[in-house]
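Peer 1: Have a look at this one before I ask anything.
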Amino acid sequence: MGAFVKDYDSRAEVIMTACDFFSSDGKCLVHTDRAVWDTGSTTTILSHQLIRNLKAEPFRKGGMTGIGGEVETDTYLVHVAPPTDDVITNIEVMAHDFEDFEAIIGMDVITYGDFQISNKGGKSRFSFKL
């Protein structure tokens, strides 16, 4: 089981890291350097472009609730490889497009490991360990 640590020079307002995603059959891999870790999101969400690059097929319909209300959307099964060199298999993700990032890592992934943020001396340190 791996661990990942990211240090910031100031108090971080957003935790953004690299992350890899694999299609459920393991044949396709996509990488992003713009994955936001969000403890307020119950579900991991990938951009439509990442889903297309994975050649992922819809798994079933699901509901996504946000600021604009609830939207019905397709879900997809993917494997998630956070920057710990581990793979979390068969995560049911949703698709949505974002402006400043390509993925949200939600609590469905975060709860597989130990997630910690410290802000000692006004500098943030993020760690995640599986």
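The values are calculated or read from the model by the stated rules, or taken from the named source; none is laboratory data. Predicted, not measured: the structure shown is a model, and the values here were computed from it. No Cβ is skipped: glycine too gets one built from the backbone with ideal geometry, and neighbour counts run over all protein chains shown.
Peer 1: Tell me, yes or no, whether the range 35-43 has at least one residue that is more than 14 Å from the chain's Cα centre (by Cα) and under 21 Å from T111 (Cα atoms).
Peer 2: The answer is no; no qualifying residue exists.
Peer 1: Scan the range 31-48 and report the pairs whose first residue is acidic (D, E) and whose second residue is surrounded by fewer than 23 Cβ atoms within 10 Å (Cβ to Cβ) and assigned to a loop (DSSP other than H, G, I, E, B), with Cβ atoms within less than 7 Å and a gap of 6+ or a chain change.
Peer 2: D38/G106
Peer 1: Looking only at the range 104-123, how many residues end up being within 16 Å of D7 (Cα to Cα), outside any helix (DSSP H, G or I) and touching a residue at least 12 places away in the same chain (Cβ under 8 Å)?
Peer 2: Adding up the residues that qualify gives 5.
Peer 1: Name every residue in the range 15-29 that is of a type outside the set (D, E, K, R) and either closer than 12 Å to V87 by Cα or without any contact (Cβ under 8 Å) to a residue 60 or more places away in the chain (or both), in order of residue number.
Peer 2: Hits for the range 15-29 are C19, F21, F22, S23, S24, G26, C28, L29.
Peer 1: Under the condition of being touching a helix residue (DSSP H, G or I) at 6+ places or on another chain (Cβ under 8 Å) and outside any strand (DSSP E or B), which residue from the range 1-27 is surrounded by the fewest Cβ atoms within 10 Å (Cβ to Cβ)?
Peer 2: The selected residue is S10.
Peer 1: Across the range 33-48, which residue is modelled with the highest pLDDT among those that are among the small types (G, A, S) and part of a loop (DSSP other than H, G, I, E, B)?
Peer 2: Among residues in the range 33-48 that are among the small types (G, A, S) and part of a loop (DSSP other than H, G, I, E, B), the one modelled with the highest pLDDT is S47.
Peer 1: Okay, next question. For the range 92-103, give me each residue that is crowded, with 18+ Cβ neighbours inside 10 Å and outside any loop (DSSP other than H, G, I, E, B).
Peer 2: Matches in the range 92-103: V93, M94, A95, A103.
Peer 1: In addition: As an exercise: evaluate V30 against (1) in a loop (DSSP other than H, G, I, E, B); (2) buried (at least 19 other Cβ atoms within 10 Å of the Cβ); (3) more than 11 Å from the chain's Cα centre (by Cα) and give the number of the one condition it does not meet.
Peer 2: (1)
Peer 1: Going by the conditions given, is D85 among the charged types (D, E, K, R), within 19 Å of L130 (Cβ to Cβ) and more than 13 Å from the chain's Cα centre (by Cα)?
Peer 2: Yes.
Peer 1: A follow-up question, please. Would you pick out the residues in the range 57-74 that are in a strand (DSSP E or B) and either crowded, with 19+ Cβ neighbours inside 10 Å or of a type in the set (D, E, K, R) (or both)?
Peer 2: Across the range 57-74, the qualifying residues are R60, K61, E70, E72, D74.
Peer 1: For the range 88-98, indicate whether the set of residues that are modelled with pLDDT of 90 or more and closer than 30 Å to G121 by Cα is non-empty.
Peer 2: No, every residue in the range 88-98 fails to be modelled with pLDDT of 90 or more and closer than 30 Å to G121 by Cα.
Peer 1: Mind checking whether some residue in the range 56-73 is modelled with pLDDT of 95 or more and either closer than 23 Å to M1 by Cβ or not small (G, A, S) (or both)?
Peer 2: no
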